[in-house]
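What follows is a short report on a single structure.
The values are calculated or read from the model by the stated rules, or taken from the named source; none is laboratory data. Keep in mind that what you see is a predicted model, and the values were worked out from it rather than measured. We place every Cβ from the backbone using ideal geometry, glycine too, and count neighbours over all the protein chains shown.
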Amino acid sequence: MLLLWNSLINMPNKMNINNLVGKYFGPDKIEDVKDSDNKTYLGNPMVILVLEGGKIEKEISEEMAKSASTTDPTDLTQLRDLVVCPLVEKIMGLVVDSGLTVEDTQYAVGSKLELSLNDAIDRASSKLWGKPKNTVTFADMEAILTKNDDGNTDKKTTQSEDKSSS
């Protein structure tokens, strides 16, 4: 089963993180890679990718940076696969090692994992908004988008104003 997943993804090769400069993260060229003081939830190192003209800095795990970088630009769908497939491979490895039945695996991944993820999203959303996610309105979002760093409310943000500032 793992052989199937290995054939579906471009396995990350062992490379120095600085070898990522000049490669691509999706459609964007990697111009620099900086060390980060942050670690992932499991304690793995993170890096900051500086993309095209320094306009975008993306902090991601070193492992993801290595597995998702390519020699040629990719579209966002391909980038998603490069990011997600190594995670799926790890999950498949855990499933195979666990000795779970197919039925128990479907329950664990298709039900329990999804419920756990949705619960975490709901709790974070409630903490962010101060109320349940299903009660957040567009007026609430507008209030957040128009609030200055000092807490005062700015004029309303419109789509045309956002476009003119970019």
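Is it true that some residue in region 76-86 is part of a strand (DSSP E or B), on the phi < 0 side of the Ramachandran plot and among the polar types (S, T, N, Q)? Looking through region 76-86, none of the residues is part of a strand (DSSP E or B), on the phi < 0 side of the Ramachandran plot and among the polar types (S, T, N, Q).
Given the criteria of a type in the set (Gly, Ala, Ser), at pLDDT 85 or above and either in a strand (DSSP E or B) or exposed (fewer than 10 other Cβ atoms within 10 Å of the Cβ) (or both), does Ala139 qualify? First the steps, then the outcome.
Numbers: of a type in the set (Gly, Ala, Ser): yes; at pLDDT 85 or above: yes; either in a strand (DSSP E or B) or exposed (fewer than 10 other Cβ atoms within 10 Å of the Cβ) (or both): yes.
Taking the combined requirement at face value, the residue satisfies it.
This table checks each residue for (1) exposed (fewer than 11 other Cβ atoms within 10 Å of the Cβ); (2) more than 16 Å from the chain's Cα centre (by Cα).
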{"site": "Glu59", "(1), (2)": "no, no"}
{"site": "Glu62", "(1), (2)": "no, no"}
{"site": "Thr77", "(1), (2)": "yes, no"}
{"site": "Val83", "(1), (2)": "no, no"}
{"site": "Val88", "(1), (2)": "no, no"}
{"site": "Val96", "(1), (2)": "no, yes"}
{"site": "Thr101", "(1), (2)": "yes, yes"}
{"site": "Asp104", "(1), (2)": "no, yes"}
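Every listed requirement among (1) without any contact (Cβ under 8 Å) to a residue 24 or more places away in the chain; (2) part of a strand (DSSP E or B) is met by Lys58 save one, (1). Given the structure, is Leu42 within 16 Å of the chain's Cα centre (by Cα) and in a loop (DSSP other than H, G, I, E, B)? Spelling it out, Leu42 is indeed within 16 Å of the chain's Cα centre (by Cα) and in a loop (DSSP other than H, G, I, E, B). Among the residues here, Pro73 qualifies as modelled with pLDDT of 85 or more, part of a loop (DSSP other than H, G, I, E, B) and in the same structural domain as Asn18 (by TED's automatic domain parsing).
For region 98-149, the tally of residues that are under 22 Å from Leu87 (Cβ atoms) and polar (S, T, N, Q) stands at 6. Could you tell me which residue of region 1-40 is surrounded by the most Cβ atoms within 10 Å (Cβ to Cβ), considering only residues that are more than 23 Å from Thr77 (Cβ to Cβ) and at pLDDT below 90? This residue is Ile17.
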